[in-house]
Amino acid sequence: MAVRIAPAMTPDDRLAALHARIASAARPARRDPADVTLIAVSKTHPADAIRPLLLAGQRDFGENRVQEAQEKWPALREEFADFRLHLVGQLQSNKAADAVALADAIHSVDRSSLIAALARAMDATGRRPDCFVQVNIGAEEQKGGCAIADVPALLAEARSAALPIVGLMCVPPAGIEPAPYFALLAKIARDHGIAGLSMGMSEDVEQAVSLGATHVRVGSALFGHRQGTPA
């Protein structure tokens with residue numbers, strides 16, 4: 001079901017509503033809502049739309065593209081020094097150095113060439129953003145992420161390269177119940193001793209939190225529909 005924002009809702013209202021949703025899902029699962037990081041996905045939204053959420057206290061933000069992040073966030077960092085920037089979209093290997101220089105977390109590590117590029121950039125700069133291995137949990141050809149069968153080898157490779165792997169990430173298939181996919185990602189993480197789970201978006205925050213999400217990536221419920229998309 002599409003998530004809509006009432007016109008009268010302020011940024012504070014939107015944040016409060018999201019935190020209430022997280023809390024309502026966490027408590028029955030015997031989880032502390034504070035253990036769930038809310039990432040406000042600000043892709044395609046200008047700095048003027050981001051600043052009110054920063055002023056409201058939101059401190060974790062997500063961008064899909066390195067170039068777009070470079071255009072918006074350095075100036076915002078001059079005003080707000082304490083936010084964390086997450087890159088949540090597919091990352092080209094030739095953008096790895098820019099990603100390491102800019103981001104505090106990278107959620108889309110999914111292949112050997114990217115691991116090598118990130119390792120080189122981290123060694124060169126000394127910056128070590130948190131890394132999530134993206135899993136193509138629905139085996140969809142059009143989506144990024146490594147195959148489920150390749151997770152053990154990719155994790156071993158990333159750890160050998162000294163990447164700071166903190167979790168797994170997935171985007172379930174659209175239009176169907178996401179809970180089985182979230183449960184599967186959680187099982188894969190447990191099997192490999194990984195605590196972090198980056199999963200869940202505006203429409204399925206509750207399912208993701210109830211199944212162990214440590215990071216939820218929310219765009220439309222905080223910003224409305226992305227620019228250039230229908231209402």
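The values are calculated or read from the model by the stated rules, or taken from the named source; none is laboratory data. Here the structure is a predicted model, which is why all the values come from computation and not from measurement. Reconstructed Cβ throughout: ideal geometry from the backbone, glycine too, with neighbour counts over all protein chains shown.
Key figures for this structure:
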quantity	calculated
Failed condition for residue 135, given (1) out of contact with any Gly (no Cβ under 8 Å at 6 or more places or on another chain); (2) closer than 14 Å to residue 188 by Cα; (3) among the hydrophobic types (A, V, I, L, M, F, W, C); (4) touching a residue at least 24 places away in the same chain (Cβ under 8 Å)	(1)
Matching residues in the range 44-70 - criterion: being of a type in the set (S, T, N, Q) and out of contact with any Gly (no Cβ under 6 Å at 6 or more places or on another chain)	44, 58, 67, 70
Scope the range 191-207; condition without any contact (Cβ under 8 Å) to a residue 40 or more places away in the chain and more than 19 Å from residue 37 (Cα to Cα); matching residues	191, 193
Qualifying position, being modelled with pLDDT of 95 or more, basic (Lys, Arg), farther than 19 Å from residue 88 by Cα and surrounded by fewer than 13 Cβ atoms within 10 Å (Cβ to Cβ), among 21, 51, 30	30
Helices (runs of 4 or more DSSP H) contained in the range 91-207 and holding at least 3 residues crowded, with 18+ Cβ neighbours inside 10 Å and of a type outside the set (Gly, Ala, Ser)	112-125, 151-160, 179-191
In the range 33-48, residue modelled with the lowest pLDDT [restricted to those that are over 18 Å from residue 102 (Cβ atoms) and out of contact with any strand residue (DSSP E or B) (no Cβ under 8 Å at 6 or more places or on another chain)]	48
Any pair with Cβ under 8 angstrom, 6 or more apart, that starts in the range 36-57 at a residue that is closer than 24 Å to residue 26 by Cα and touching a residue at least 60 places away in the same chain (Cβ under 8 Å) and ends at one that is of a type in the set (Val, Ile, Thr) and assigned to a helix (DSSP H, G or I)	36/22; 36/209; 38/22; 40/50
